[in-house]
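Encoded as structure tokens, the structure appears first; notes follow it.
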Amino acid sequence: MKVQTSVAGSADARTAAARAIDARDTAARTAVPRGTTSPKARPRHSQPMWLRIGGPLLITLLLVFVLLPVVVVTLAAFNDKALLTFPPESWSWRWFKRAFTYADFKDGFHASMIVMLWASCLALVIGTGLAVAVKRMTFPGKNLLQAILLSPLVIPHFTVGLGLLILVAQFNIERGYSLVILCHVILVLPFVLRSVYVSMENLDERLEQSAASLGASPVRVLFTITVPLLAPGLFGGWLFAAIMSFSEFTASLFVTTQSTQTLPVAMYNYVREFADPTLAALSVVYIFTTAALLIFANRFLGLGRILNIEDKH
Amino acid sequence: MDARSKLKGWLISPASFIALCICVALATVLQYSVRAFIPGSLDVGGLTLANFTGLTKPIYLEAFVNTLRLSVETTIFSILVAYPLAYALVRVRNRFFKSFILIVSITPLFLGEIVRTYSWIIVLGNNGFINTVLRKLGIIDQPLALMFTHLGVLVALVHVTIPVVVLMLATAISHIDRDYEKAAESLGAGPVRTFLTVTLPLSMPGILASVTTSFAWTFSAFATPQMIGGGRVPTVSTLVYQLGFASMNFPLAASLSIVGLALTAVALMLLGQVTRRMKAFGGH
């Protein structure tokens, strides 16, 4: 009974959770004509002095707070000493060398790539299929099915992980890659679903109807009209799912074993055993790769538009 | 028509399978929560409510209180920090600063819990950044206790939650029609009054969405309370892990999860009620 209640509860929270994803949604919102940046040069006499100085100062302070761990972890990564001290007395690359040669990290990276590729692609196919069915067809239990599939947004990851772990233990199923992949599909599917839903809203149904009226079979309409038009949104959803899967930790901790441990789990195990800055070096690689990807995405795709945070007025 | 219903079947069945897996996994947790624990064995005994009565021990109550407190505090602080950032992100005109604020505030979203939490360990530790700086400046002699404390966990959790809240608030702020603000100003309202009576109420949808998300995320956070709390700030998530992997007491871990899930559901339903009220009231 409790499970039922909680699912209903999550359905209730769905609008809010959905909005949460909308914010991050990487859907192909057809480029909204951008509101012209207000044409009149505005004399800013309405802003008092304290606001003109205090505002930027506050923003700077908050950005410092957000950036602080990144800066500190970077300093620590280049510290030659094995003990974390500030400021570092001598500098070296040796922790980076160790991070790249440490066997558990190499295996973890390998496992993470396998899980990420399978989980994100499966979630994309499953999510797209369901989104098309939900938007274009009627079937019994539609709302219930959606509610269940979106519920991992609010169900703690440790609960999902624990459930799957007990399940396989009970039936004596081996904990292999398929379990980890299934777990990640469950967790990233809501993000793909939201992405595809938003793209579907912007898709002109008449294009599909005209193809059908010209004699195309439903399958042909799907693969020659619907999917190609959804492509940008699908890519966005896939990318988001891939990144979420690659950095997922809590549920993975429950469902992985020594031979399937993903990179975040390997990193967690490292911190428990060693105190040297190897993990700092790996974190730096992680942080700068991610930031580079985002700067790239911002420059060529316009993150503001993708994330739906451009000023509309 | 037949081709269409066949296609429908192909489109829906994989998703139904995943939904079934979710239900079965949750049902398994529920089932284990009412089974007796047999020490030293992974098998479980007969039906019992002992797991739930076992949860009234002080350690578990402390975990519930900690988790709820952390969720509420994190929600409040992350919105306070994220609002100015989101506002600047939407309203700053300089393209470079706009991109800079965007990249800085959302990169952490994609790093995962481990990298972010580990970085905070280096900031908060006894020989960490903050303590070293304060000691070098002569402000303190003894290192401040930041690791393994409620405060340390809270700071890291707020940091973890900021990116998603910034995005949600920025979405809401970007949809506000500026003419309302201009109207208020032209009628003589100062910047503070304009903000409090126009901008803030109009960004309410984003704030409520942020509250829900950051509450649910913090409730399920594990790496941060585990690594920074180091066992001294027990939360529902860390105890579930501990019971499962250290004591192998899966029935108790399951019942703890179920109560946690019920608490989340109740909290989110209450928030849903508030959201509906606000909508009925504000019509936005």
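The values are calculated or read from the model by the stated rules, or taken from the named source; none is laboratory data. Because the structure is predicted, anything quoted here is derived from the model rather than measured. Methodologically, a virtual Cβ is constructed for each residue, glycine included, from the backbone with ideal geometry; neighbour enumeration extends over all protein chains shown.
Quick rundown of the values:
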read-out	value
Residue within the stretch A:168-177 that is within 19 Å of the chain's Cα centre (by Cα) and in a helix (DSSP H, G or I) present	no
Condition check for B:Phe250: modelled with pLDDT of 90 or more, within 7 Å of chain A (Cβ to nearest Cβ) and touching a His at 6+ places or on another chain (Cβ under 8 Å)	no
Any hit, the stretch B:24-33, residues being in a strand (DSSP E or B) and within 28 Å of A:Leu144 (Cβ to Cβ)	no
Residue pairs meeting the criteria (Cβ under 8 Å; at least 6 apart or on separate chains; first farther than 16 Å from B:Leu200 by Cβ, in the stretch B:80-99; second of a type in the set (Ser, Thr, Tyr))	B:Leu89/B:Ser105; B:Arg93/A:Thr37
Residues of the stretch B:43-79 satisfying the condition of being farther than 25 Å from B:Gln226 by Cα, touching a residue at least 12 places away in the same chain (Cβ under 8 Å) and not in a helix (DSSP H, G or I)	B:Val44, B:Leu47, B:Thr48, B:Leu49
Helices (runs of 4 or more DSSP H) wholly inside the stretch B:202-251 containing at least 2 residues that are touching a Lys or Arg at 6+ places or on another chain (Cβ under 9 Å) and crowded, with 24+ Cβ neighbours inside 10 Å	B:204-220, B:223-229
Any hit, the stretch B:40-57, residues being out of contact with any strand residue (DSSP E or B) (no Cβ under 9 Å at 6 or more places or on another chain), under 30 Å from B:Ser203 (Cβ atoms) and not aromatic (Phe, Trp, Tyr)	no
Hits in the stretch B:101-136 - residues which are modelled with pLDDT under 90, out of contact with any Phe, Trp or Tyr (no Cβ under 8 Å at 6 or more places or on another chain) and within 8 Å of another protein chain (Cβ to nearest Cβ)	B:Leu102, B:Ile103, B:Val104, B:Ser105, B:Ile106, B:Thr107, B:Pro108, B:Leu109, B:Phe110, B:Gly125
Condition broken by A:Val64, with the remaining ones in (1) loosely packed, with under 15 Cβ neighbours inside 10 Å; (2) among the hydrophobic types (A, V, I, L, M, F, W, C); (3) modelled with pLDDT under 70 satisfied	(3)
Qualifying positions in the stretch A:270-284 - in contact (Cβ under 8 Å) with a residue 60 or more places away in the chain, facing another protein chain (nearest Cβ under 10 Å) and either under 23 Å from A:Val115 (Cα atoms) or in a loop (DSSP other than H, G, I, E, B) (or both)	A:Tyr270, A:Ala275, A:Pro277, A:Leu279, A:Leu282, A:Ser283, A:Val284
When residues of the stretch B:86-132 are limited to those that are among the aromatic types (Phe, Trp, Tyr) and over 30 Å from A:Pro88 (Cβ atoms), the one surrounded by the most Cβ atoms within 10 Å (Cβ to Cβ)	B:Tyr87
